[in-house]
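Have a look at the structure below before the remarks.
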Amino acid sequence: MLIFAVRNFYNGKAGTELKGKKLGILAFGNVGRRVAHIAKGFDMDVYAYDAFCPASVIESEGVKATTSQEDLFKQCDIVSLHIPATAETRQSINYALVNYMPKGGVLINTARKEVINEPELLNLM
């Protein structure tokens, strides 16, 4: 947006407010916890799912735990990925999962590229 402002193209309508948006964190390890902390500073509603982290631990951090990846994608405007690339997670972020997101949803891959099923996601266009 700074480039738009400098070039006098910014009309005040581009972008979106983070306040009040729902952020989903897929995998609640050290990085996921830090992202949750920062998001709460922006006054976002933070949700998380981690198959290996108990819901009680997630909720002790002031984050709402979801019961599945699907629920996380259904509930959140923005989903941030923090999963490792394992045999179970490779290509796991696919058309069906991302299609649960609301219109205008944002997927942030801070994990490994191998977790994204790129050919399937092209079908979302």
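Scan the chain and report its longest stretch carrying no chymotrypsin sites (Phe, Trp or Tyr not before Pro) that are both in a DSSP loop and have at most 15 other Cβ atoms within 10 Å.
Segment 53-125 is the longest.
Got a sec? What order do SER56, SER92 fall in by accessible area at 1.4 Å, biggest, i.e. largest, first?
SER56, SER92
Note down, for the chain, the three equivalent ellipsoid semi-axes (square root of 5 times each alpha carbon gyration tensor eigenvalue), biggest first, whole angstrom.
25, 20, 13
Against the globular-protein guess of 2.2 N^0.38 Å, express the Cα radius of gyration of the stretch 59-125 as a ratio, rounded to two decimals.
In units of the 2.2 N^0.38 Å rule of thumb, it is 1.12.
Within the accessible area of the chain, what % is carbon and sulfur when the probe is 1.4 Å and the other protein chains stay in place?
For the chain, the apolar C and S fraction of the accessible surface comes to 54 percent.
Are there GluC sites (Glu not before Pro) in the stretch 86-125 that DSSP puts in a loop and that have at most 10 other Cβ atoms within 10 Å, and which ones?
Listed in order of number, the matching sites are GLU88.
Considering only protein heavy atoms, with the full assembly of protein chains and a 1.4 angstrom probe, order CYS76, CYS53 by accessible area, largest first.
CYS53, CYS76
Between THR67 and ARG112, what is the label-to-label distance in nm when each label sits 7 Å out along the Cα-to-Cβ direction?
Reported label-point gap for THR67 and ARG112 is 3.1 nm.
Say R0 is 25 Å: what FRET efficiency, to the nearest 0.05, do LEU121 and THR16 get from their beta-carbon distance?
So the FRET efficiency works out to roughly 0.75.
Ordered by residue, what ³J(HN,Hα) values in Hz, to whole numbers, does the stretch 97-110 give under the Karplus form 6.51 cos²θ - 1.76 cosθ + 1.60, where θ = phi - 60° and Gly and Pro are x?
5, 5, 5, 5, 5, x, 4, x, x, 10, 10, 10, 9, 9
For the stretch 72-79, just list the computed ³J(HN,Hα) in residue order, Karplus coefficients 6.51, -1.76 and 1.60, θ = phi - 60°, integers in Hz, with x standing in for Gly and Pro.
4, 5, 5, 8, 10, 6, 10, 10
Based on Cβ point charges of +1 for Lys and Arg and -1 for Asp and Glu, what charge dipole magnitude is obtained for the stretch 61-125 about its Cα centre, in debye rounded to the nearest 20?
Computed about the Cα centre, the dipole is about 100 debye.
With a 1.4 Å probe and all protein chains kept in place, how much accessible area does ARG90 have, in Å² rounded to the nearest 10?
Using a 1.4 Å probe on the heavy atoms, I get roughly 120 Å².
Between 0 and 90 degrees, rounded to the nearest ten: what's the tilt of helix 30-41 against the longest Cα principal axis of the chain?
Value to nearest ten degrees: 40.
Tell me, what is the per residue accessible area of the stretch 20-68 in Å², probe radius 1.4 Å?
With all protein chains present, the stretch 20-68 gives 53 Å² per residue.
In debye to the nearest 20, how big a dipole does the chain give about its Cα centre with +1 on each Lys and Arg Cβ and -1 on each Asp and Glu Cβ?
Approximately 460 debye in magnitude.
The values are calculated or read from the model by the stated rules, or taken from the named source; none is laboratory data. Given the structure is predicted, the values throughout are model-derived calculations rather than measurements. In this analysis, Cβ positions are derived from the backbone assuming ideal geometry, glycine residues included, and neighbour counts consider all displayed protein chains. These accessible areas exclude ligands, DNA and RNA; they are computed on the full protein's heavy atoms, side chains included. Shrake-Rupley method; radii C 1.70, N 1.55, O 1.52, S 1.80 Å.
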